[in-house]
Amino acid sequence: MAEGIKDKVAILGMGCTRFGERWDMGSDDLLVEAFGEAMEDACIEKKDIQAAWVGSHITEINIGKGGVYVANALHLPRVQVTRAENFCASGTEAFRAAVYGVASGACDIALAIGVEKLKDTGYGGLPNYPGFGQEFLYYLPMATGPGFFAQLATAYASKYGIPMEKVKETMARVSWKSHRNGARNPKAHLRREVSMEQIIGSPMIAYPLGIFDCCGVSDGSAAAIVTTPELARKIKPNQELVKVKALQGSVSSGEEYVGDLWDGVGIPTTREASRKAYAEAGIKDPRREISMMEVHDCFSITEMCTMEDLGISPNGGAAEDIAAGFFDLDGELPCQPDGGLKCFGHPIGASGLRMLYEMYLQLLRRVPEERQVKDPEIGLTHNLGGHPAQNVCSIAIVGL
Amino acid sequence: MAGLISYGGYVPRYRLNCMAIFGAMGWINPVTLTVARGEKAVGNFDEDALTMAVAAGMDCVRGFDRCGIDAVYFATTTAPFKERLNANIVASALGTREDVRSADYTASLKAGTTALLSALEFTAAGGGSRALVCAGDQRLGKIGSVQEMLFGDAGAAFLVGEENVIAEFKGSYSTAHDFVDHLRGANSLYDRMWEDRWIREVGYGQFIAEAVAGVCAKLGMTAADFDKVVYPCTYGSTRRKIDRGMGFKEGAVQDDLLAAVGDSGAAHPLLMLAKALEDARPGEKILVVGYGSGCDALVFEVTEAITALGKDRGVSRWLARRAELDNYLKYIVWRRLIQADMGMRGEFDLETRWSLIWRERKAMLGLHGGICRACGTQQFPPERVCANPACGAVDSMDLVYLADRGGRVFSYTGDMLAASYDPPAAYGNIELGGGGKMLMDFTDCTADDLEVGMPMEFSFRIKLYDPKRDVTNYFWKAVPALQEVG
């Protein structure tokens, strides 16, 4: 049995741009902004970085293939730079690679950086692309993200015999909560509180998801510099160590897409990844042991189902927790304390690292009082890329 | 003796009221009011002559062994491809063997009856035991033209052979005249007509009489011998004149379906024949005439076997599955006669990877899935490795034709963001009959019509059209299962 990653790597510094419509910024500018903050935080020099991984997804309008663009934009000192691409998990994949690099002893200090410049696509929402291979163009609907994930809601309503109005209300509560948190976050894209009525009555994007059930299209970049706990203590003797407790992932086997065993509302990859992550981190009761979470709320229904997949809420019980305020900032397990994808938008390659950035700030108590989670010790981040029947899930757990 | 073994029809769901056309375009040519009667069947944005021929073929071969078909003929004047045998796409979609005779019959409105004759002769000559004729047409009239009022979209199909025939083929008589009442040049989209009076009197008036007289003389029959008479003629007065002049039996002449469907071109005589067979009784004699650059006249006699075929096929149930297309502009956009803004997702480049299409042809055109020999799990698409996690066998798939199985809605949505000619785009997961799931487009319905668990059947449709290279790609979509009529 592998001993896992727990406590072998510490986060030395992190950076994150303001997310939003960064019309005056290219991918390179965003990279410089996130990298600059991370470097300053890490108290190291550029020559100390020994390897870098870059999370990015939509190559055509972004940074292209490979790592050359990023190495050039940051003028990294001829270290190996590799692009990590795995749908919405790309940012966390870059982080995983950097952490594994350090944990293996192959390097002392590694950089993980993610970026996406969606506002240069011209699309509202993500553009079309044959994400599952060319042949799927001929099989699959020319579906969009909202359409793929909306199916969780119709299947959920049917499976649990809940009227759609009730599902809509629960989903709205998810978005309502994230907007309340995001409104207090200067780095968030959408910074306005919205009412339940506004959310429920918003124009339909993909039945039953209205526009307020969907996260935004934004530009952004986030970065992490990781090293060994020993070096971290040496470089930053006055900073508490934020250590990696678990890094786990899971990719659909194809069974969900073609098989009969899948119920259409639970995401088996999230269940598998979280099971492995809890084991790696030594978490027995996630509902009680985890202090806070940033989960992949690409759509409100995704967050709702994810609460069950992560084992926080019982199957069919997420609605009750959501309604009770369990996931609110002042609830028992705050979820999306920074406003989530809902308010940050989803520059794909950056999102996983943006979530870790929030956990890092919260653990170090660097967020303003009005947004600070009470006594955080363990934070979980979760990404889900692809669509409910065919996806990649990544989970990171960090803590003190 | 050769004859018809089965019949099938297809009329698309949408109907456009001819007065709606007149309301939109009558100002440019007020005389079109004289033909603005009834409604015409209009293929959905994802339908064309070929998909409708397949739909009719599916209707026709239901319950018959697809592997027993030895020839597949496609009749149309509006084939999606000028070069690339359209009949082979029809054959693949219908799941026939690949060692079959195939041909396109085209360039005349009698292409349907000529294809049927060829099929009858193919089996009579021992070319094979069964031949399938699938006809479909989707002709275009210029915006505001008489043709636009008259032309409707439909398909019809016949399975032909020597055994268990429901209608025995008695004989035929054909004429060939280079009579240009209308024409479409090789590069034209629209039909062009010569003068009506000439077409009525010399065309329909003389040629149909000539063909009926010819076949009667050949078979020693008279016009009064026929219990059912099927022939197309878009001119009502001419039709009445022909009926009187020929001396057909009272009530024998079949409804021309113009008011309900419109003139479906090469498919039309076959569509009328399929409709006539729905209530045909053993012993009845049927005359069918296909008109267009001459005529084909065919005579059939209905046999006892027709009572065993059942009523679950034909034209009436498609006619009953009707939805009004209340927006004339939608029709114009669906036929790509004007460009509408599809958003940036509609501008996605769709160049076809032909070698990929060839490799995947069984799955793409014939909706063949796989059944794992090791564990029995049904799956789509068929892959090298079994998707059942408890199995994982390699190269263990037997192909299985899924197109006629249908399934049930497992999840669905109506997507306003996706590029669609009929937003919101409906799609979702289907639980396949026989096991497994498929994420697929839905069509001929809206999200409002759907619910989890609802039965769906599969329809061969246009999946993607690449306007840059004029290439249509086809795949199967799910449609709400047709309820039996009556």
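The values are calculated or read from the model by the stated rules, or taken from the named source; none is laboratory data. Given the structure is predicted, the values throughout are model-derived calculations rather than measurements. Backbone-built Cβ (ideal geometry, glycine too); neighbour counts: all protein chains shown. The area values use the complete protein model at the heavy-atom level, side chains included, leaving out ligands, DNA and RNA. Shrake-Rupley method; radii C 1.70, N 1.55, O 1.52, S 1.80 Å.
Condition check ((1) farther than 25 Å from A:Gly64 by Cα; (2) without any contact (Cβ under 8 Å) to a residue 40 or more places away in the chain) across all residues:
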{"residue": "A:His346", "(1), (2)": "no, no"}
{"residue": "A:Ser351", "(1), (2)": "no, no"}
{"residue": "A:Glu358", "(1), (2)": "yes, no"}
{"residue": "A:Val367", "(1), (2)": "yes, yes"}
{"residue": "A:Arg371", "(1), (2)": "yes, no"}
{"residue": "A:Gly379", "(1), (2)": "yes, no"}
{"residue": "A:His382", "(1), (2)": "yes, no"}
{"residue": "A:Ala389", "(1), (2)": "yes, no"}
{"residue": "A:Val398", "(1), (2)": "yes, no"}
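Of all residues in region B:338-364, those that are at the interface with chain A (Cβ under 9 Å from one of its Cβ atoms) have Cβ atoms under 8 Å from Cβ atoms of residues that are modelled with pLDDT of 95 or more and exposed (fewer than 13 other Cβ atoms within 10 Å of the Cβ), 6 or more apart or on another chain, in B:Leu350/B:Lys468; B:Thr352/B:Arg469. Go through the residues of region A:103-118 one by one and say whether even a single one is farther than 20 Å from A:Ser56 by Cα, away from chain B (no Cβ under 12 Å) and either part of a helix (DSSP H, G or I) or among the polar types (S, T, N, Q) (or both). Yes, region A:103-118 contains at least one residue that is farther than 20 Å from A:Ser56 by Cα, away from chain B (no Cβ under 12 Å) and either part of a helix (DSSP H, G or I) or among the polar types (S, T, N, Q) (or both).
Would you confirm whether or not region A:379-387 contains a residue that is on the phi < 0 side of the Ramachandran plot and open to solvent by 20 Å² or more (accessible area, probe 1.4 Å)?
Checking region A:379-387: not a single residue is on the phi < 0 side of the Ramachandran plot and open to solvent by 20 Å² or more (accessible area, probe 1.4 Å).
Going by the structure shown, is A:Arg96 more than 13 Å from chain B (Cβ to nearest Cβ), surrounded by fewer than 24 Cβ atoms within 10 Å (Cβ to Cβ) and either closer than 27 Å to A:Gly325 by Cβ or among the basic types (Lys, Arg) (or both)?
On the way: more than 13 Å from chain B (Cβ to nearest Cβ): yes; surrounded by fewer than 24 Cβ atoms within 10 Å (Cβ to Cβ): no; either closer than 27 Å to A:Gly325 by Cβ or among the basic types (Lys, Arg) (or both): yes.
Here the answer is no, as A:Arg96 does not meet what is asked.
Quick grid of which residues meet (1) free of Cβ contacts under 8 Å to residues at least 24 places away in the same chain; (2) farther than 22 Å from A:Asn128 by Cα:
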position: A:Met39; (1), (2): no, yes
position: A:His57; (1), (2): no, no
position: A:Ile61; (1), (2): no, no
position: A:Ala71; (1), (2): yes, yes
position: A:Leu76; (1), (2): no, yes
position: A:Val79; (1), (2): no, yes
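Would you point out the residue of region B:404-423, among those that are closer than 27 Å to B:Arg336 by Cβ and more than 7 Å from every other protein chain (Cβ to nearest Cβ), that is surrounded by the fewest Cβ atoms within 10 Å (Cβ to Cβ)? Working first, answer last.
Going residue by residue through region B:404-423, those that are closer than 27 Å to B:Arg336 by Cβ are B:413-423.
Next, from what is left, pick out any that are more than 7 Å from every other protein chain (Cβ to nearest Cβ): B:420-423.
Numbers: B:Ser420: 22, B:Tyr421: 17, B:Asp422: 17, B:Pro423: 15.
In this case the residue turns out to be B:Pro423.
For region B:429-486, filtered to residues that are on the phi > 0 side of the Ramachandran plot and away from chain A (no Cβ under 12 Å), the residue that is least open to solvent (accessible area, probe 1.4 Å) is B:Asp444.
Would a scan of region A:183-197 turn up a residue that is farther than 14 Å from A:Phe344 by Cβ, touching a Leu at 6+ places or on another chain (Cβ under 7 Å), at pLDDT 95 or above and not hydroxyl-bearing (Ser, Thr, Tyr)? Checked against the condition, which is being farther than 14 Å from A:Phe344 by Cβ, touching a Leu at 6+ places or on another chain (Cβ under 7 Å), at pLDDT 95 or above and not hydroxyl-bearing (Ser, Thr, Tyr), region A:183-197 yields no hits at all.
Matching residues to (1) assigned to a loop (DSSP other than H, G, I, E, B); (2) within 23 Å of B:Glu148 (Cβ to Cβ):
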residue	(1), (2)
B:Thr234	yes, yes
B:Gly245	no, no
B:Phe248	yes, no
B:Asp255	yes, yes
B:Ala267	no, yes
B:Ile286	no, no
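When B:Leu298 is tested against (1) away from chain A (no Cβ under 14 Å); (2) open to solvent by 30 Å² or more (accessible area, probe 1.4 Å), just one condition goes unmet, and that condition is (2). In region B:463-484 there is no residue that is closer than 24 Å to B:Cys372 by Cβ and outside any strand (DSSP E or B).
Whether any residue in region A:252-267 is away from chain B (no Cβ under 14 Å), within 20 Å of the chain's Cα centre (by Cα), open to solvent by 10 Å² or more (accessible area, probe 1.4 Å) and closer than 21 Å to A:Ser351 by Cβ is what I want to check. Checked region A:252-267: no residue is away from chain B (no Cβ under 14 Å), within 20 Å of the chain's Cα centre (by Cα), open to solvent by 10 Å² or more (accessible area, probe 1.4 Å) and closer than 21 Å to A:Ser351 by Cβ. In region B:152-172, the residue that is nearest to B:Thr106 (Cα to Cα) out of those that are open to solvent by less than 10 Å² (accessible area, probe 1.4 Å) and of a type in the set (Val, Ile, Thr) is B:Val160.
Looking for whichever is out of contact with any strand residue (DSSP E or B) (no Cβ under 7 Å at 6 or more places or on another chain) and in a loop (DSSP other than H, G, I, E, B) here; the options are A:Asp24, A:Asp29. Which one fits?
Numbers: A:Asp29 fails: in a loop (DSSP other than H, G, I, E, B).
Testing whether each residue is out of contact with any strand residue (DSSP E or B) (no Cβ under 7 Å at 6 or more places or on another chain) and in a loop (DSSP other than H, G, I, E, B) leaves just A:Asp24.
Among the residues here, A:Arg173 does not qualify as open to solvent by 60 Å² or more (accessible area, probe 1.4 Å) and more than 14 Å from every other protein chain (Cβ to nearest Cβ).
Yes or no, residue by residue, for (1) touching a Pro at 6+ places or on another chain (Cβ under 7 Å); (2) not charged (D, E, K, R):
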{"residue": "B:Asp70", "(1), (2)": "no, no"}
{"residue": "B:Phe74", "(1), (2)": "no, yes"}
{"residue": "B:Thr77", "(1), (2)": "no, yes"}
{"residue": "B:Phe81", "(1), (2)": "no, yes"}
{"residue": "B:Ile89", "(1), (2)": "no, yes"}
{"residue": "B:Gly112", "(1), (2)": "yes, yes"}
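In contact with a Ser or Thr (Cβ under 8 Å, 6 or more places away or on another chain), part of a loop (DSSP other than H, G, I, E, B) and either of a type in the set (A, V, I, L, M) or surrounded by 14 or more Cβ atoms within 10 Å (Cβ to Cβ) (or both) - does that describe any residue in region B:342-359? Taking every residue of region B:342-359 in turn, at least one turns out to be in contact with a Ser or Thr (Cβ under 8 Å, 6 or more places away or on another chain), part of a loop (DSSP other than H, G, I, E, B) and either of a type in the set (A, V, I, L, M) or surrounded by 14 or more Cβ atoms within 10 Å (Cβ to Cβ) (or both).
Assess whether A:Thr121 counts as being surrounded by fewer than 21 Cβ atoms within 10 Å (Cβ to Cβ) and among the polar types (S, T, N, Q). So A:Thr121 fits the description; yes. Each residue in region A:62-81 was checked for being open to solvent by 50 Å² or more (accessible area, probe 1.4 Å) and either of a type in the set (Asp, Glu) or outside any loop (DSSP other than H, G, I, E, B) (or both), and 4 of them qualify. Within region A:87-119, the set of residues being over 16 Å from A:Ala222 (Cβ atoms) and of a type outside the set (Ser, Thr, Tyr) comprises A:Phe87, A:Gly101, A:Val102, A:Ala103, A:Gly105, A:Ala106, A:Cys107, A:Asp108, A:Ile109, A:Lys119.
When you look at B:Ala374, is it assigned to a loop (DSSP other than H, G, I, E, B), surrounded by fewer than 20 Cβ atoms within 10 Å (Cβ to Cβ), hydrophobic (A, V, I, L, M, F, W, C) and over 23 Å from the mean Cα position of the chain (by Cα), yes or no? Show your work before the answer.
Numbers: assigned to a loop (DSSP other than H, G, I, E, B): yes; surrounded by fewer than 20 Cβ atoms within 10 Å (Cβ to Cβ): yes; hydrophobic (A, V, I, L, M, F, W, C): yes; over 23 Å from the mean Cα position of the chain (by Cα): yes.
Considered against the rule, which asks whether it is assigned to a loop (DSSP other than H, G, I, E, B), surrounded by fewer than 20 Cβ atoms within 10 Å (Cβ to Cβ), hydrophobic (A, V, I, L, M, F, W, C) and over 23 Å from the mean Cα position of the chain (by Cα), B:Ala374 comes out as yes.
Meeting the requirement of 1 or more residues that are under 14 Å from the mean Cα position of the chain (by Cα) and surrounded by 24 or more Cβ atoms within 10 Å (Cβ to Cβ), the helices (runs of 4 or more DSSP H) wholly within region B:76-151 are B:86-93, B:111-124. Residues considered: B:Gly63, B:Gly68, B:Gly57. Of these, the only one that is under 26 Å from B:Ala320 (Cα atoms), small (Gly, Ala, Ser) and open to solvent by 10 Å² or more (accessible area, probe 1.4 Å) is B:Gly63.
Look through region A:197-216, keep the residues that are surrounded by fewer than 20 Cβ atoms within 10 Å (Cβ to Cβ) and out of contact with any Ser or Thr (no Cβ under 7 Å at 6 or more places or on another chain), and return whichever of them is nearest to the other protein chains (Cβ to nearest Cβ). Let's see the steps before the verdict.
Going residue by residue through region A:197-216, those that are surrounded by fewer than 20 Cβ atoms within 10 Å (Cβ to Cβ) are A:197-198, A:200-204, A:211.
Those still in the list that are out of contact with any Ser or Thr (no Cβ under 7 Å at 6 or more places or on another chain) too: A:197-198, A:200-204.
Numbers: A:Glu197: 21, A:Gln198: 18, A:Ile200: 17, A:Gly201: 15, A:Ser202: 12, A:Pro203: 8, A:Met204: 6 Å.
Top of the filtered list is A:Met204.
Pull up region A:127-151, narrow it to residues that are touching a residue at least 60 places away in the same chain (Cβ under 8 Å) and surrounded by fewer than 22 Cβ atoms within 10 Å (Cβ to Cβ), then point me to the one that is farthest from the other protein chains (Cβ to nearest Cβ).
Within region A:127-151, the first condition is being touching a residue at least 60 places away in the same chain (Cβ under 8 Å), and the residues that meet it are A:127, A:129, A:131-132, A:143-146, A:148-151.
Right, trim to surrounded by fewer than 22 Cβ atoms within 10 Å (Cβ to Cβ) and you get A:127, A:129, A:131-132.
On the way: A:Pro127: 7, A:Tyr129: 8, A:Gly131: 12, A:Phe132: 10 Å.
Among them, the one singled out is A:Gly131.
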